[in-house]
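Data first, discussion second: the structure below is written as structure tokens.
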Amino acid sequence: MTVAEQVKILCIRQNISAAELARRLGMSPQNLNAKLKRDTFSVYDMERIAEAAGAGFRCEFVLENGETV
């Protein structure tokens, strides 16, 4: 699943539109839609999106043995 797909699911589950998320992030809906189309999100972007949507964000690598890095 792409990051853009995850952001869209987050909006659905948090009952906010992409336009509302963009407003909370201080950007235009057009800019957020362009970013969603390009699927170009940094970890910093994801942290901001999570905060704006009232969710947590966790980024980690999981090794084959289940250990996280």
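Tell me which residues, restricted to the range 13-27, are closer than 12 Å to A55 by Cβ and either open to solvent by less than 100 Å² (accessible area, probe 1.4 Å) or of a type in the set (A, V, I, L, M, F, W, C) (or both).
Matches in the range 13-27: Q14, I16, L21.
Please give the number of the condition I16 fails out of (1) among the β-branched types (V, I, T); (2) in contact with an Asp or Glu (Cβ under 9 Å, 6 or more places away or on another chain); (3) at pLDDT 95 or above.
(2)
Residue by residue through the range 44-65, note down the ones that are within 14 Å of the chain's Cα centre (by Cα), without any contact (Cβ under 8 Å) to a residue 12 or more places away in the chain and in a loop (DSSP other than H, G, I, E, B). Working first, answer last.
Taking the range 44-65 and keeping what is within 14 Å of the chain's Cα centre (by Cα), we get 44-59.
The next check asks that each one be without any contact (Cβ under 8 Å) to a residue 12 or more places away in the chain; those that pass are 44-45, 47, 51, 56-58.
Answer for the range 44-65, where residues must be within 14 Å of the chain's Cα centre (by Cα), without any contact (Cβ under 8 Å) to a residue 12 or more places away in the chain and in a loop (DSSP other than H, G, I, E, B): G56, F57, R58.
Run F41 past the list (1) assigned to a loop (DSSP other than H, G, I, E, B); (2) over 10 Å from the mean Cα position of the chain (by Cα); (3) in contact (Cβ under 8 Å) with a residue 12 or more places away in the chain and report the number of the one that doesn't hold.
(2)
Please list, ordered by first then second residue, the pairs with beta carbon atoms under 9 Å, 6 or more apart or interchain, first in the range 1-13 and more than 14 Å from N33 (Cα to Cα) and at pLDDT 95 or above, second open to solvent by less than 70 Å² (accessible area, probe 1.4 Å) and not small (G, A, S).
L10/I16; L10/L21; L10/I49
Restricting to the range 34-62, what's the tally of residues that are farther than 18 Å from T2 by Cα and open to solvent by 80 Å² or more (accessible area, probe 1.4 Å)?
1
Can you confirm whether N31 is open to solvent by 70 Å² or more (accessible area, probe 1.4 Å), out of contact with any helix residue (DSSP H, G or I) (no Cβ under 8 Å at 6 or more places or on another chain) and of a type outside the set (D, E, K, R)?
no
The values are calculated or read from the model by the stated rules, or taken from the named source; none is laboratory data. Computed from a prediction, not measured in an experiment: that's the story for all the values here. Cβ: placed from backbone, ideal geometry, glycine included. Neighbour counts: every protein chain shown. Side chains are part of the model used for accessible areas, which takes the heavy atoms of the whole protein and leaves out ligands, DNA and RNA. Shrake-Rupley method; radii C 1.70, N 1.55, O 1.52, S 1.80 Å.
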